[in-house]
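This report concerns only the one structure given below.
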Amino acid sequence: MRFPRRTLLALSLALPALSAFAAPLVMGFSQVGAESEWRTANTSSVKSAAKEAGITLKFADAQQKQENQVKALRSFIAQKVDVIAFSPVVESGWETVLKEAKAAGIPVILTDRAVKVTDESLYVTFIGSDFVEEGRKAAKWLLDRVAKSTAPAINVVELQGTVGSAPAIDRKKGFEEIIKSNAKIQIIRSQSGDFTRAKGKEVMESFLKQKDKKIDVLYAHNDDMAIGAIQAIEEAGLKPGVDITIISIDGVRGAFEAMKAGKLNVTVECNPLLGPQLMQLAKDVVAKKPVEKRIKVIEGVYTADQAAKELPNRKY
Ligand code: GZL
């Protein structure tokens, strides 16, 4: 069917204006859960940024269960959303549902955590922190801290994040890569606290009950587990941050308050405020603009002596 030249001209002039009346972009977002202060801040950033960007957000909380995330992704596919974004609770087990999204022509953005897939075309881009580097930063702080120590051994206990999750795997990897340079530093116990305060406290209690080796350092994969462990250390009659040096990751408000109280020694920042970048990415992806396959978040390291000054500036 051929349109008269004047109609085509009119349409081409009207199109930009018409786009203002286009239906808002619809994003299906599957969130890990509400397990930590970090996660709460991440959810708040995603929701406020979607509102700000005029994006209709369909938000699903998976309560840290992969099967709930798979269900949510399938629901978004059935609803024919324009784009799917999710933070995968664990790295593996996503091929099938991501193939379903691809078959439905719905682009997928990974946010916060990565997946292990054989076909990288199953997602368009991954925006999140470099967890291996966060583990390295934690270990480098410890190396500096014990550089002048005459102790024959530095015994570390480790509270790992959720088993199988990218941050738990990579934070362990980065930490172990760096401590290898000092044979005195040994991880004597390591167990998952699932990124929660309650589990962090419970596992630290079990570490403290085992009296065969003195605990010099706690390395916690997130602040919430460290804060739970601080309670366990105090209940055991020890001084957290003094009798046991505590290193954690995230940089949430609770960590700055613990550092200000002298109960935590250092937190490696992991920025949860990905919302605005994610929404712009979604618009670019839907508009089929080229985007980077891997977008890293810039982060710092904060020590106890900086806590009081930095606390008022914290946005999460
Ligand atoms: C890291 C994020 C982790 C945080 C935890 O980007 O996936 O999950 O470190 C959170 O606090 O539970």
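The values are calculated or read from the model by the stated rules, or taken from the named source; none is laboratory data. Since this is a predicted model, take the numbers as computed values, not measurements. As a convention, Cβ positions derive from the backbone with ideal geometry for all residues, glycine included, and neighbour counts pool all protein chains shown. Accessible surface areas use protein heavy atoms only, side chains included; no ligands, DNA or RNA. Shrake-Rupley method; radii C 1.70, N 1.55, O 1.52, S 1.80 Å.
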Worksheet, complete the sentence: Counting only residues in region 99-147 that are assigned to a helix (DSSP H, G or I) and acidic (Asp, Glu), the one farthest from the ligand (Cβ to nearest atom) is identified as Glu100
Fill in: Flag for Phe175 being open to solvent by less than 40 Å² (accessible area, probe 1.4 Å), modelled with pLDDT of 95 or more and part of a helix (DSSP H, G or I)
yes
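Report yes if Ala261 is over 22 Å from the mean Cα position of the chain (by Cα), among the aliphatic types (A, V, I, L, M) and farther than 14 Å from Asp305 by Cα, otherwise no.
Details: over 22 Å from the mean Cα position of the chain (by Cα): yes; among the aliphatic types (A, V, I, L, M): yes; farther than 14 Å from Asp305 by Cα: no.
No; evaluated as a whole, the condition is false for this residue.
State whether the residues of region 183-203 include one that is modelled with pLDDT of 95 or more, part of a loop (DSSP other than H, G, I, E, B) and over 20 Å from the mean Cα position of the chain (by Cα). Quick ask: steps written out before the conclusion?
Residues of region 183-203 modelled with pLDDT of 95 or more: 183-203.
With part of a loop (DSSP other than H, G, I, E, B) added as a condition, the list becomes 183-184, 193-196.
When the remaining residues are screened for being over 20 Å from the mean Cα position of the chain (by Cα), the result is 183-184.
Yes, region 183-203 has at least one match.
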Worksheet item: Which one of these is in contact (Cβ under 8 Å) with a residue 60 or more places away in the chain and touching a Ser or Thr at 6+ places or on another chain (Cβ under 8 Å): Ile55, Ile109, Ile84?
Response: Ile109
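Take the residues of region 14-43 that are modelled with pLDDT under 95 and not hydrophobic (A, V, I, L, M, F, W, C): which is nearest to the ligand (Cβ to nearest atom)?
Here is the first cut: in region 14-43, the residues modelled with pLDDT under 95 are 14-24.
Still in the list and also not hydrophobic (A, V, I, L, M, F, W, C): 16, 19, 24.
Numbers: Pro16: 39, Ser19: 35, Pro24: 28 Å.
Checked region 14-43; the qualifying residue nearest to the ligand (Cβ to nearest atom) is Pro24.
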Discussion item. For a quick check of your reading: which helices (runs of 4 or more DSSP H) sit entirely within region 211-316 and have at least 2 residues that are touching a strand residue (DSSP E or B) at 6+ places or on another chain (Cβ under 8 Å) and outside the structural domain of Ile109 (by TED's automatic domain parsing)?
Written reply: 223-235, 253-260, 304-310
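Based on this model, can you work out whether Val266 counts as within 21 Å of Glu35 (Cβ to Cβ), touching a Phe, Trp or Tyr at 6+ places or on another chain (Cβ under 9 Å) and open to solvent by less than 30 Å² (accessible area, probe 1.4 Å)? If you could, list the steps in order and put the result at the bottom.
Numbers: within 21 Å of Glu35 (Cβ to Cβ): no; touching a Phe, Trp or Tyr at 6+ places or on another chain (Cβ under 9 Å): yes; open to solvent by less than 30 Å² (accessible area, probe 1.4 Å): yes.
So Val266 fails the test.
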Worksheet item: Quick check: anything in region 36-55 among the charged types (D, E, K, R), open to solvent by 20 Å² or more (accessible area, probe 1.4 Å) and not in a helix (DSSP H, G or I)?
Response: no
Discussion item. I need a count of the residues in region 56-68 that are open to solvent by 50 Å² or more (accessible area, probe 1.4 Å) and among the hydrophobic types (A, V, I, L, M, F, W, C).
Written reply: 1
